[in-house]
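What follows is a set of notes on a single structure, which appears directly below.
Any read-out appearing in this document is the output of simple, stated calculations on the displayed coordinates, not a laboratory observation. The model shown is predicted, which means the values in this text are computed figures rather than measured ones. Positions of Cβ are backbone-derived with ideal geometry, glycine not excepted, and every protein chain shown enters the neighbour counts.
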Amino acid sequence: MINSFFNPVKELFRGLYITAKNSLKDNVTLLYPEKKKNMNKFFRGKIQYIKENCIKCKLCQRVCPSKNTIQIDKYYSINYAQCIFCGNCVEYCPRQALILTPNYELASENKNDLIFKEELI
Amino acid sequence: MYLFQEILLKYNFSDWFIFIAGLVFYFILITIFIIITVLILVLFERKYLAMFTRRIGPNRTGIRGCLQTIADSFKLLFKENIKPANAEQFLYFISPLIVFIPVILLWLIIPFTSESANYQSQISSFLFLAVLSIPVFGVLTAGCSSMSKYSILGGIRSCIQIISSEIPVSLVLVSVVIFTGTLDLNNIINFQSGIFLNWNIFPNILGFVIFFICSLIMMNRTPFDFPESESELVAGYHCEYSGMKFAMLFLAEYALTFVICTYMTALFMGGYNSPVGFYLADLFNLNNGFDYILKNIEQLFWISIKTFLLIMLIMWIRASYPRFRFDKTLELCWYILIPLAVFNLCVEIFIKYLRGIL
Amino acid sequence: MEKILTDRMRINIGPQHPSTHGVMRMIVDLDGETVENVETVIGYLHRGMEKMAETSTYIQYLPIVDRIDYLSGFFCSYAYVNGIELLMDIEISEKSKYIRTITMELNRMASHLLWLGCFMMDLGASSPFFYTFIEREKILDIFENLTGNRMMYNYYTFGGVKRDIDKENLYAIKKFSDEFVFALKDLEELINYNPIFISRTKNLGILEKECAYAYSITGVNLRASGIKKDLRKDKPYLIYENIEFNVPISENKDVQARYILRIKELKESNKIVQQCIDWLLTNLNNKNIITDVKPLTLKPEGIAISEVESSRGLMQCIIYADGTLNPYRIKWRTPSFYNVQIINEISKGYLLSDLIAIFGSLDIIMPEVDR
Amino acid sequence: MKIIMSSIEKLYKWSRLNSLWPLTYATSCCGIEMMSVSASNYDIARFGSEVFRGSPRQADLLIVAGTLTLKMSPILLRLYEQMAEPKYVIAMGACACSGGMYRNSSYSVVKGVDTIIPVDIYLPMCPPKPESLIDALIKLRKKLNDKNPGGRFV
Amino acid sequence: MIKIREVDLFENLKRKFDIRIENCPRMFLDKGNELNSVQKDMKCIVKREYSAFDEHLTDDTELKCDTELNHIKPDIYLLRVKKEDIRQILRYLKNSEEYFFERLDCMVCCDRKKDLEIMYLLQSDKYNVKCGIRVEIDKKENQIATVSDIFSNANLEEREIYDLFGIKFINHPDLKRIFMPEDFVGHPLRKDFIIQRLN
């Protein structure tokens, strides 16, 4: 009966010991604004459109899960507010006209600078 | 307070005016002192908990985040205070005051230094307990008047909890009073002067443990923080409050923590006696009244160091334990703590008798 | 003393509540503090995944599949991709099988870790939440270097895997799984025998065997009631035959049993990951990770039922394909949809704070329930 | 008199910036990213917004994390109205910005949160990385610093 | 390993109710790989063409011929059952100790243009066998008896099918919408439901 009383008390102190042991380890926070993690080349950040090697085959528009983020008529426009950055278009584009950039700071105050538009002659 | 009244005597005001001016001055002094300690306490808690979980606490404001709680309180000051439609306006408005004013009164009773200007009274330790039970009504009215189911449950829970934890506390107080012989806090502290071996905690270790657990219940700290437990009742009794009223409730809770810790140090760990028996100020023994202030400052230093040690222990517990179940706490109070307190009472009487013989 | 007649209080733990993981409304009839009846209202996160399948082609639906159960994205994409492979009779290479198993087991560990953090936050302890998230961030960093995104992977395709695991990733996984053993030991010491935790979770929310069968509960909640049923052992898919691991079960069917089982499953997954790493490290050089299937013009037909043992239970993806580019109908059998129904059964007569503990122990997340 | 008013205004802006208390509102995948922001690897406590208030009365930053469906929109509206006056909204994730991939093919998803409540900062990417959420918070603080404080001291 | 019984699992079930076996798993039939009669008549897989790239199924895409999808992977039993005696069959399959299908995995409803079709996926742990029971319901009077008292997990399942397909279940405890708000008109997962531009 005795250790049925002292056992829980021992466990309580063990809990305190664990939190103390963890407090001695160094902290793991990434100081974001000053130090940034470097992304490898597979990271799916902002999608960049290169006009030169685009042959306007509209395959990227057909492969994109959210149906009309990429519109190709007089303009080539990508609507970043709607894009889910899944990388399908970059993968299936035959001419590598779209590349992935490791830029993820895309927050903005108004919606229309989230839409990328480029003149297609 | 008495110091201020002597200065007033020189300008020969009428005596009832001196009495009231003294009280008002001391009241303002104490509220400023409370607000400063509470701001430091809130910031200390966030940094201290951050240290436990291997992250950095607030460090954007001030040099290393020291002005963080000042920013919080000013923001709460400027916020719009909302009056919920179906809440009873008068009770809704008055209850933060009912919670906050007694906490300030509690500070008047605690003797911070031997010649401190607190309210000297023969039964100050008992008076402390009496005033401590007034915030219960504030919490209850705050909960029930804001008409949301969560705050009603929170209000009822916290008032049951505080009432059921006051009985073991008073029993332990009786055991301490029997041991020291007086009800007055100053005399209790003088009884414990000398090296730290004759503090009250060593003959009365069981009493200290019971008092510590009950104070955790009274302060709504972590193993027993039922009223504002995030996961169950969304925000407990201060669910409907915003802006200044919420700030008052928030400050009252932290001030209560600090006051109960000072009360514990006064009862068990020799309030302002230095652990090594003599004061640094005696060495200088300058006799032009300056050593009198130096002695007070050192005593103030000792009592705040001991309270901070206790608060660090409480916050350490907050970082590492889940929450009790509500009926288990009541069970703990009624079935375990009260018999233990009575047993502790008998042990104290026996030790007192033994000490009497030797 | 006969029971005091108190009137019922109807409180609803609304959609926006810290402890309902996601958005679910529980209308609870309280008699004082004990729970009389719990009625769950779901549907606040219904995004119409099944209707989207009918209007999008097989490739378009591939990234959407991760969002069905965002804590274990690999399981959903495996269920979908395996269904198509069954229909088209595609055989996948040995290496991609190993890559799929290792990513799925790591994903199971990440989802169990998140569950542990949130469960302890429900019970009131705040520091385990941070410790589990430190471990979880390590797994998410590995996934980010491997697939490009922390939670939405889009990494499996029909017939294999999109990218090969290179050397740094493998060493990162090896380093993680070695350190994980000690970190888990710390967590267990902090929580397992804590008397407050034991008093909060002992014989609470008892789930009987008949009730588990009646509501077709699967996964850890079933194994906590003593029924040894795990798809990885009954119908071994991928490479679970030649990997030795055991499936923990326990008899005392309460909240604590579910907690202990999930901790043991974390250890098992860690063992599986270590065995996979040894095999992958030995043959780094064989590169055939994808069989050449022309995904753009995929035209399967027939009905496919592909099953996978996800971290929450048995997940089935039933595909009606009619030989065109769009699937005719896709039905997702998600385990949480069935775990939600038993809350009313097992939480009668307990207190309000116990209801939160029981709901936390069932490991339910809302996108799986509402699809 | 001018100096006092401008110093009060500066103090008001500074205090509002540094203690944005977010509301625990997390529906789907972005909610998990919001939780990992408040965890210890990407610490939001550094910006003073570590206190996640449960009830909308005391919160002043509403991070709409996750998809907003038809059934949930009246509840979000009520939450927004219950919040005290100087309140700000971050639309986190593609589903909150513009309905995301459910915009054209789902019958029960509201096409963007700005059809219901005014939004201060739009944050695309699905789900946005914890760093991009902290970047959104920094941009919100910059925005509050420049424009007039609003609320009572207009 | 439990002994797998002889070829036709549903011998006496066929005597009680008139059912049509649509798919018999080959692993039972490969006795000297001659296909028995049941296997032969199932081989009718019918093609279906319509243009895949239009975004939404506009209602004027009339179908050349309806789908007779019963080529199922992995091989499980598929039975075609009449709508009236669905309850007796399920109760018989669950309680008779010979079959012991005591777990209803899920109920899959599919809108096949000419009629609605529900597939009950049953699983028996004792004999480690899976079977699917398919029922047709024509669109005019879309009613079927509920099975929520036999398998209690069918309760929410049937409410979901009512919500998304509009099939009414007779004497179901509380038939209400679960996914869509109460005042939502129409049943989304039907083929003739067009996603309006609601914004």
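A few notes on this one:
- The range C:187-215 residues near the modelled C:Lys267 label - backbone nitrogen below 16 Å, point 7 Å along Cα→Cβ: C:187-193
- In angstrom, the C-alpha Rg and Dmax of the range D:77-154 are 14.1, 45.
- FRET E, pair A:Ile121, C:Tyr171, Förster distance 35 Å, beta-carbon r, rounded to 0.05: 0.10
- Choice from B:Trp16, B:Trp107, B:Trp316 with maximal GNM fluctuation in chain B (Cα, 10 Å cutoff): B:Trp16
- Dividing the Cα radius of gyration of the range B:122-188 by 2.2 N^0.38 Å, with N the residue count, gives 1.44.
- Membrane-span-like helices in chain B (whole DSSP H runs, Cα extent of at least 24 Å along the helix axis, mean Kyte-Doolittle hydropathy of at least 1.0): B:15-52, B:89-109, B:149-180, B:244-268, B:290-320, B:338-357.
- The range A:22-63: Rg to Rh, with Rh as the Kirkwood radius over Cα pairs: 1.30
- Based on the reciprocal of the average 1/r between different C-alpha atoms, the Kirkwood radius for the range D:19-143 equals 14.3 Å.
- What the pair-distance distribution of the protein assembly as shown shows, using all Cα-Cα distances binned every 10 Å from zero, is 2, 9, 17, 21, 19, 14, 9, 5, 3, 1, 0, 0, 0 percent.
- Across chain A, C-alpha contacts under 8 Å between residues 6 or more apart give a mean separation that, scaled by the residue count, equals a relative contact order of 29 percent.
- Spacing of the two label points (7 Å from each Cα toward its C-beta) at C:Arg163 and B:Ile36, in nm: 5.7 nm
- Whole-Å semi-axes of the ellipsoid equivalent to the range B:66-145 (Cα gyration tensor, √5λ, descending): 31, 21, 8
- Amide H to amide H, with H built 1.01 Å from N, E:Ile178 comes under 5 Å of E:Asp163, counting only residues 5 or more places away or on other chains.
- Check: the protein assembly as shown dipole with +1 on Lys, Arg Cβ and -1 on Asp, Glu Cβ, in debye: 1920 debye
- Long-range Cα-Cα pairs in the range C:75-334 (distance over 24 Å), rounded percent: 53 percent
- Share of alpha-carbon pairs per 5 Å distance bin for the range A:50-121, given as whole %: 3, 16, 26, 28, 19, 6, 1
- Under 16 Å from A:Lys46, Cα to Cα: aspartates and glutamates that are on another chain or at least 8 residues apart: A:Glu91, A:Glu105, A:Asp113, A:Glu118, C:Glu144, D:Glu131, D:Asp135
- Using the Cβ-Cβ distance between B:Leu358 and B:Leu330 with R0 set to 45 Å, the FRET efficiency works out to roughly 0.60.
- For the range B:77-204, the fraction of C-alpha pairs farther apart than 20 angstrom is 58 percent.
- Assuming charge only on the beta carbon of Lys and Arg (+1) and of Asp and Glu (-1), the dipole of the range A:47-119 about its Cα centre is about 380 debye to the nearest 20.
- Mean per-residue shielding of peptide B:322-333 is 5, counting Cβ atoms of other chains within 10 Å of each Cβ.
- Shape of chain A, Cα gyration tensor, a/c cut at 1.5: prolate
- Point-to-point label distance, C:Asp89-E:Asp149, nm (Cα→Cβ direction, 7 Å offset): 4.7 nm
- Among C:Gly219, C:Gly159, C:Gly48, residue whose mean-square fluctuation peaks in a GNM of chain C (springs only between Cα atoms under 10 Å): C:Gly48
- Average projected area [Cα convex hull, the range B:1-78], square nanometres: 7.7 nm²
- With distances taken between every two different alpha-carbon atoms, the range C:168-306 has a Kirkwood hydrodynamic radius of 18.4 Å.
- Estimated purely from DSSP H runs of n ≥ 4, each contributing -39500 (n - 2.57), the mean residue ellipticity at 222 nm for chain A is -8500 deg cm²/dmol once divided by its residues.
- Chain B - percent relative contact order, Cα under 8 Å, separation 6 or more: 21 percent
- Label-point separation, D:Thr115 to B:Leu29 (7 Å along Cα→Cβ), nm: 6.5 nm
- Counting Cβ atoms of other protein chains within 10 Å of each Cβ in D:10-17 and taking the mean gives 4.
- Extent along principal axes [Cα atoms of the range B:89-357; Å; largest to smallest]: 61, 44, 35
- Cα-based Kirkwood hydrodynamic radius, the range C:27-104, one decimal, Å: 15.8 Å
- Comparing C:Ser96, C:Ser177, C:Ser199 in a Gaussian network model of chain C (Cα springs below 10 Å), the most mobile by mean-square fluctuation is C:Ser199.
- Measuring between alpha carbons in the structure, the pairs from B:Lys79/D:Lys147; C:Lys229/E:Lys82; A:Lys35/C:Lys264; C:Lys167/D:Lys129 lying more than 29 angstrom apart are C:Lys229/E:Lys82; A:Lys35/C:Lys264.
- Along the axis of the charge dipole computed for the range B:33-125 (Cβ charges of +1 for Lys and Arg, -1 for Asp and Glu, origin at the Cα centre), the listed residues B:Phe52, B:Cys66, B:Phe112 are led at the positive end by B:Phe52.
- Using θ = phi - 60° and Karplus 6.51 cos²θ - 1.76 cosθ + 1.60, couplings along the range C:263-274 (whole Hz; Gly, Pro as x): 5, 5, 5, 4, 5, 4, 4, 4, 5, 4, 4, 5
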